[in-house]
Every structure is written in C-alpha cells, then in structure tokens.
1. Angle check, please: helix 3-22 long axis (alpha carbons) against the longest principal axis of the chain (alpha carbons), in degrees 0 to 90, nearest 10.
2. How many angstrom separate the Cα center of the stretch 350-401 from the Cα center of the stretch 458-490?
3. Residue by residue through the stretch 321-330, which ³J(HN,Hα) values in whole Hz follow from phi under the Karplus form 6.51 cos²θ - 1.76 cosθ + 1.60 (θ = phi - 60°), with glycine and proline marked x?
4. Which cross-chain or sequence-distant (5 or more) residues have an amide H under 5 Å from the amide H of Leu506, H modelled 1.01 Å from N in plane?
5. With the cut-off at 27 Å, tell me which of the pairs Lys205/Lys257; Lys55/Lys461; Lys130/Lys205 have Cα atoms farther apart than that.
6. If you line up the long axis of helix 99-111 against the longest principal axis of the chain, both from Cα atoms, how many degrees apart are they, to the nearest 10?
7. Along the stretch 410-416, what does the Karplus equation 6.51 cos²θ - 1.76 cosθ + 1.60 (θ = phi - 60°) give for ³J(HN,Hα), rounded to whole Hz, x for Gly and Pro?
8. Please give the calculated 222 nm ellipticity per residue for the chain, where each DSSP H segment of at least 4 residues contributes -39500 (n - 2.57) and the sum is spread over every residue; nearest 500 deg cm²/dmol?
Amino acid sequence: MTAAGSRRVALVVALAGAAWAAGGEGWDEARRRGAIHAECGRNARRLLQGWIDRKRDPQTSLYSRGGRWDYHNEAADHYSSLVLVAFYVAPDLIRAGATLHETLASSQRLCGTPSGIPTTYDLKAHAPGKPASRDALAEWLRDGLLRIVEVLGTENDWYRELERLTDAVLAEARRRGGMPTAFRDHESAGNMLQVLARLYAFSGKAAYLDSAEELAGAFLLDPARAIGSIRFGDHGCELVPGLAELFVVGTRLGRPKAASWREPLRGLLDGILASGAHPETGLFRRGNAPPPDTWGYVLFSFENADRATGEGRYRAAIEKPLRWLIANRASYPDLKSTLWPRSGSSDDWSDSYESFIVLWNRFRHIGGGFEWLDWATHQHIHRRHADRPYGPYTGGHFDGSTARTLCLHMMLCSQGVRCVPFAEGVGLGAVQRDGRLLLTVEAKTGWTGRLCFDGPRTEHKGATLDWARINEMPQWFVVRPDARYSVSTDGGPAAARSGRELLEGLRIEARPAILRRVEVSPVPRE
C-alpha cells in the first residue's frame, strides 16, 4: 500500500469511534432486523427439509407431488426453489454429489434424449415419459435455471445445463420454422426473451441475441394491436418484460434493431399505461378486474425502458403504486374488498412481495419500503408455524415461492450478508448509514462461523444484470473483491480488510445471547 493509501486507512480508523457512537438507532434497527432474519431462516430451512423428506424419490432423487417429474412445475417451480434456498441455509446440499445436486444429474441421466430435449419421468413406473414441451422447457429455463444461476454464478452444473438446454431448444425451434413459429404464446415467448437476454449477459455469445431479436420482431411489428392482448397476471405477463430486457441489452450494445424498436416499444408501453394503470393506485389491471399478484412484473418493463434510454419518462408511473401501497398499508382491511383485493394463497403474497422489492430496490428514497415488505410477510403462511418441524411446509405447489420469499426477506434484513454455516437461532441484521454497513450478530445458543458478504454477482462477460428482472435476488451492500474496507467489531479499533477477505467470510464468534456489532466502511480509492 502506498503512503497515501495508508493515510486514508488511518483516517477511516480515526473516524471509526465517532461513527460508532453515531450509529445510535441504526444499531437498534439492525438488531430488530436480525430477529426477523433468524425467524425467516428457521422457516426456510424447515420447509426445505420437508420437501427433501417427503417429496424426494429416494431411488432417483427427483421431486414430485403426484408421481411425475416434469419441467414446468416440479423442476421450474419446486426444485429450483430448493436449490436457491439451500444456497442460503444449507449449502452442503448443493455441492457435487449432494442430494440436490444429484437431482440435476439424475434428471439428465434418466430423461436425456439424442435431440437434447428431455422427457418427463414417471416415478411410479420408473420409466421415461413423453418429451417435454417447448413451453415447459421455456419455463424451466427462465423460472428455474436462470433463478439458480443468477445467485450461484456460472461455474457450476446448473449453468452448463442452462446453456446446453437453451441450445437444444433453439435447434428445435429452427426445425419448427424459426423462433416466431415455435413460440407464439405470450408466456413462452416472454420466457425465452428473458432467458436469451440474460444468457447473453452471462456468456457474451451474440447468437443468443440474434435468436431473441428474431422472436421480438414478430411482436413489435404492430404494437397497437399487441396492447389489447397484453396480460398483467402470471402466465402471460412475461412478454413485455422480455421485450424490455432485450431492449436494454441491445441499446447498450448499439445494436441496430434496438434502435429501430425504440419507438414501437415506447408506443406499446404508453398504450399499456394509458389503458391499464388505475388512476388512483397506479396498479395495472385489465378492465374492472382486480390488480394481479404479479402487479410489478409489467412495471419492470417501464423501469428498464427508462434505464435503456436514460429519459426517466416513466419514473412517476413506477413510483405511484409503491407510494400508494406504503401510504395505505394500514387501510388494507378495507382495501382488500375494493382497490386491492388479494386471494387466499401464499403465492399471491409472494409474487406481490417480489413485485415490490425488485422495484423498491431501485427507488429506495421512497420511505417505508422495509416496513411494507415486513408487513407483507405476515399476511400469510410465510412466518407462521414455528412449532412445526417443517415450519410453513404444505407439500403444495406454492411452497417454492414461500421459501424464496423468506430468503428474499432474510437478505433484505442482513443486506446480503450470509452466516456460514447457517444455524437456527442465528440472526444477522443490518442497515446502511452514509455508506457504512452496521451489522449485528446474535445467536440464542452460541455460534462460530463466517459472515460472507455479497459480491458483484450481476457483472458478467456480456453485460451487467442491473435491470429489473422477474426472479431477481436483489443486491444491497455489495463488496468488491479489489476494494479495501475498514472493519470494526464491538466498537474496537478498525482494521483494513480486502474485499476478497469479506467475500470469503469474516470469522466471528457469537456467544449465547451476546450481541456482536460489526461496522464496515469502504476505504476511498487512491
């Protein structure tokens, strides 16, 4: 380190005591969030175990609710959620040879075909079934494998399967007459657009963008006609977000088709806004129908269009529903039968939570966002049943979204920091104050391990995934491996640490019922 760098570290160290004292209520809030983190982690871990114990076929390691492994439900919705949850609360289960890794290997072994298009699998007869449909595979790629890879990265078998299967699906589409012919449905087309835009970001392979542009062009030829067929609910709302994701990537790369689509996409979004946004709430709905649980998915497209053009054209339209939901949280008992009815399913609240957190992460200046999200996790099964061995487990279709929501809320509470190994009763709570992270660690029965910080996992060969995405796991306090940080524990002297050290994990011991406080501040670059 140069002399100037040493002086900067010394300055940060000298200021640490004053900053520590100034933490004040920030530490109290961090501790409160730590208790929430522990509660969510407990339920996520128990639900995960419920699926492993009760829904896993011991002979094949495949999962099923009714005796058949398929790709649009069992793989996309259930299995992918188990892998994601395991990353946060049981990472040993996704290591090579472990039970959740074996599920992927088993599906490849038992369901593989020469064409690369897998079959379903009958777990009662223990025999392959029919080839999976293109629509089912599009859902597995977007709702399943993408979700895993965005968190685990590209150096793993799930990413390799993402590329392999996408290539097989594209080859099948060519045999069927091209992308627009193979993917006519809004849901499957939208899924493929999202897959191809993000897969380009991961790989830097332009062929994925070529296929995406071939598909997108068919929908943007007549945006006025498309407006009337746009759906805002799940299983149909995926198209517009897919078009906007491709537009972001293409605009950044200066691709000619992205430039030619600017006006058609604007016409599509303006038309949706004029016909679909409720004048009071700003929530999208079709006619007099209530707003769907996936109310934010189409709004992601407006944020992404602004991100691509830099205009801020839709900022007010994006902020309006966030502000309305926050302002009217206490009035929900009245609004649930009028302006904001919700169904009785846990998935309804999971999708609404996702809609809110993905948008609010980009509009954090709107106060009250954390309180709304925390309130939402109390509205259904997510944080209930602490007395049950499997927590909120039901064995039903919505368990995956319940568990993912619990992980989203855990990482919001800890600002992306994980405790490794995970243990029930360990709570990590964090808040950011003027660029500093105030982090508390508390364990009911004691815990020793590492605090692993979140790194720049959205930066890839082709592009940075900074646009709003369905199934996104938001980032909060991001540690860069080549940066330096000042770390102070329990008000003691600050020590300089590299970002790589924080990513590998800061070792700490938490004795029973003794609160530990860790403050992390970036050291200015030379």
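Since every read-out is calculated from the coordinates, none of them should be taken as a lab result. The structure presented is a predicted model; accordingly, all values stated were derived computationally and were not measured.
1. It is inclined by approximately 80 degrees.
2. With the stretch 350-401 and the stretch 458-490 each reduced to a Cα centre, they are spaced 22 Å.
3. x, 4, 5, 5, 5, 5, 5, 10, 4, 5
4. Correct list: Leu451, Cys452, Phe453.
5. Those over the limit are Lys55/Lys461; Lys130/Lys205.
6. That works out to roughly 20 degrees.
7. 4, 6, 5, 5, 9, 6, x
8. After summing the helix terms and dividing by residue count, I get -15500 deg cm²/dmol.
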